Amino acid sequence: MMKLLLVDDHPSVREGTKVMFEEEQDFTVSAVSSGMEALELVKINDFDVMLFDLHMPVINGLELTKRIMNIKPNPLIIIYTGFEIEPYFNKLVEAGVSGFVSKTATREQMIEAIRCTVRNETVIPIPLFKQLRRNSVRLCTGEDQLEEVSINEREQQILLEIAKGRSNKELSEILLMSQRNVEYQLTRIFGKLQVRSRAEAISEAIKRGIISEQSW
């Protein structure tokens, strides 16, 4: 039996895709709506293939891939998205992604993408393949923007520490960085969460499941 993990924050797409995969007799599917839920599942389960939506709030598909790589050795991860992946291709491959499949793909194409990945093969869309053969083309536009909207592990740790009431000086000592760098990190976090204060950041982080009140 092939165990799949599907991570997509769109309820109708997630459930529809889950039902579609489960029509295959040798597939079992766990479907969750966020990167945080996925991380918890991966810690206690082994999945043959994982499919991540690329553009998700809090932890996007790129950041989730990086975190999974620190938890499991050589996981098979497919980026599953309705957006063009060309602008993010380099970052995704460097992070360890094994393949890509479009949300507009047919059922047969999606199933084949899963089975190819298990065979250590990758199906690449023809438009992307044609871009890759042109050495003069750099597929980098948009990579930084993707990382700008996702909470990484360091930022999650900072949120947990400020929830404990740590001052900037204490954060500096704990995280081994200058107080100016701490201030910069906090500014980035506030921007990502669209808040203006520590209290608002803590409240928003709890609401989004980034940290929990039981953590401190």
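Just checking, how many residues over region 84-117 are under 14 Å from LEU6 (Cα atoms) and either of a type in the set (D, E, K, R) or in a loop (DSSP other than H, G, I, E, B) (or both)? Adding up the residues that qualify gives 1. Selection over region 1-43 of residues that are open to solvent by less than 50 Å² (accessible area, probe 1.4 Å), more than 16 Å from LYS72 (Cβ to Cβ), small (Gly, Ala, Ser) and more than 13 Å from the chain's Cα centre (by Cα) gives a count of 2. Scanning region 165-216 for residues that are more than 25 Å from ALA38 (Cα to Cα), open to solvent by 30 Å² or more (accessible area, probe 1.4 Å), of a type outside the set (Ser, Thr, Tyr) and assigned to a loop (DSSP other than H, G, I, E, B) gives GLY165, ARG166, LEU176, ARG196.
The values are calculated or read from the model by the stated rules, or taken from the named source; none is laboratory data. These figures come from a predicted structure and were not determined experimentally. In this analysis, Cβ positions are derived from the backbone assuming ideal geometry, glycine residues included, and neighbour counts consider all displayed protein chains. The area values use the complete protein model at the heavy-atom level, side chains included, leaving out ligands, DNA and RNA. Shrake-Rupley method; radii C 1.70, N 1.55, O 1.52, S 1.80 Å.
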